[in-house]
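Visitor: Got a structure for you, questions after.
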Amino acid sequence: MVVDKLKSIKLMGKTIKIIYKELENGDWGECDIDSQVIILNKKCLEDKKHHWWTLVHEVTHMVFELSGVAFMERNEEEAYVRCVENLVIPWVLDNQHLSDKKDG
């Protein structure tokens, strides 16, 4: 089942561009905070669930980076939990329609 490509998503008031390409080393996705781009492996387009959860994974990285959590000197578990609870989970719930997107 082939998945439609996304061009961008909204996240924390920003437009994040989505790019698909073949990635090295078996990577499924990358997050580029400087360019505000999420790169997904073209292989994700072959499976709707894999595409969705790879996107969620990369969105989580982007949230950590945009929120500044990724740049903390100390790793504070509670900060990560609150970040996911208040930013990632609401994004997943608000954008579940991307997971249900019909094939083109």
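The values are calculated or read from the model by the stated rules, or taken from the named source; none is laboratory data. As the structure is a computational prediction, the values presented were derived from the model and not from experiment. In this analysis, Cβ positions are derived from the backbone assuming ideal geometry, glycine residues included, and neighbour counts consider all displayed protein chains.
Visitor: Kindly check whether there is at least one residue in the stretch 65-81 that is surrounded by 15 or more Cβ atoms within 10 Å (Cβ to Cβ) and either in contact (Cβ under 8 Å) with a residue 60 or more places away in the chain or assigned to a loop (DSSP other than H, G, I, E, B) (or both).
Guide: There is no residue in the stretch 65-81 that is surrounded by 15 or more Cβ atoms within 10 Å (Cβ to Cβ) and either in contact (Cβ under 8 Å) with a residue 60 or more places away in the chain or assigned to a loop (DSSP other than H, G, I, E, B) (or both).
Visitor: Let me ask you something else. Report, ordered by the first and then the second residue, all pairs with beta carbons closer than 8 Å, sequence separation of six or more or different chains, a first member in the stretch 89-104 that is within 10 Å of Val3 (Cβ to Cβ), and a second member that is at pLDDT below 85 and surrounded by 10 or more Cβ atoms within 10 Å (Cβ to Cβ).
Guide: Asp103/Val2; Gly104/Val2
Visitor: Before we move on, is Val56 of a type outside the set (Phe, Trp, Tyr), loosely packed, with under 15 Cβ neighbours inside 10 Å, at pLDDT below 95 and outside any strand (DSSP E or B)?
Guide: no
Visitor: Select from the stretch 82-104 the residues that are surrounded by 15 or more Cβ atoms within 10 Å (Cβ to Cβ), assigned to a helix (DSSP H, G or I) and at pLDDT 90 or above and list them in ascending order.
Guide: Trp91, Val92
Visitor: Scan the stretch 4-53 for residues that are touching a residue at least 60 places away in the same chain (Cβ under 8 Å) and either in contact with a strand residue (DSSP E or B) (Cβ under 6 Å, 6 or more places away or on another chain) or not in a strand (DSSP E or B) (or both) and jot them down.
Guide: Selection gives Asp4, Leu6, Ile9, Met12.
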